[in-house]
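A short write-up of the structure that comes next.
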Ligand SMILES: NC(=O)c1ccc[n+]([C@@H]2O[C@H](COP(=O)([O-])OP(=O)(O)OC[C@H]3O[C@@H](n4cnc5c(N)ncnc54)[C@H](OP(=O)(O)O)[C@@H]3O)[C@@H](O)[C@H]2O)c1
């Protein structure tokens, strides 16, 4: 038990929508939650003991500093769990993607999580905690998701490095979900059309993420049946 109030503490980035919001709802009673998102306020009822941090992760070090300030203000010095889940991407021909979009995808999905993980190390170490990185089946290479696939592939390599560096001190889980029925596809400019109906719900994916964490698995590809369909849509390897 990490927190003075007797609850373990979990940080979730990208907790304002989709998978992150489903995890936050699922864990609201079990954990004291530190939730982050880009929007100024949390879109749901925040549990009384939770902390919400608004930080644009494309801002790199400034966003990490905001999260660290919020932990300090809430007198949280230990984390049992940190789920780096926030993600973004653009769907389309890579030759049409502009420099700002490439930079945003790589910073939100990869560069800022790398920096944040380093800064969360002492918090996680004090609690013998676990870092969970949310990747994607697209990391194997996915047509029309080039920058996104590159960011998630980089995260996979980062997880492998951390497992060596943090071995025996902090657990590291790399989770690659298959397609989830969230707003991410619309934001990315991709219309999955009728395939959307067979995507995993955020709640179902949150349950699978929880099982993976409870089993202390180092790596998991979740939603395999749907993942195979993702392979059919995008030609992804994983
Ligand atoms: N949906 C899928 O099919 C799928 C499949 C495989 C993997 N994933 C991965 O699963 C994770 C969650 O995706 P999702 O489907 O739940 O997406 P989502 O519904 O679009 O939610 C994305 C979350 O990330 C946050 N976020 C995005 N850009 C941000 C930024 N610049 N700064 C701070 N926060 C930012 C959003 O915050 P705001 O709402 O405040 O903007 C939101 O909380 C991502 O890492 C994604 O790559 C998704």
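Remarks
- Label-point separation, residue 62 to residue 74 (7 Å along Cα→Cβ), nm: 2.3
- Per-residue ellipticity at 222 nm, computed for the chain from helices alone with -39500 (n - 2.57) per DSSP H run of at least four residues, works out to -12500 deg cm²/dmol.
- Nearest 10 degrees, 0 to 90: helix 61-73 Cα axis against the chain principal axis: 30
- For the pair residue 207 and residue 166 in one chain, pulling the backbone fully straight at 0.36 nm per residue adds 12.2 nm over the alpha carbon distance.
- Nearest-ten-degree value, helix 146-165 long axis tilted from longest Cα axis of the chain: 40
- Here the simple spin-label model places points 7 Å from the Cα toward Cβ, and for residue 39 and residue 115 these points are separated by 2.5 nm.
- Cα shape, the range 130-198, gyration tensor, a/c 1.5 rule: prolate
- Folded to 0 to 90 degrees: helix 112-127 orientation relative to the chain principal axis, Cα: 30
- Anisotropy class of the range 9-234 from Cα gyration tensor, a/c 1.5 cut: rounded
- Cα-based shape type of the range 1-105, given that a ≥ b ≥ c are square roots of the gyration tensor eigenvalues and the cut on a/c is 1.5: prolate
- Most fluctuating residue given options 130, 219, 196, as computed from a GNM of the chain linking Cα atoms under 10 Å: 196
Readers should treat all values here as calculations from the given coordinates under stated rules, not as data from a laboratory. As the structure is a computational prediction, the values presented were derived from the model and not from experiment. Methodologically, a virtual Cβ is constructed for each residue, glycine included, from the backbone with ideal geometry; neighbour enumeration extends over all protein chains shown.
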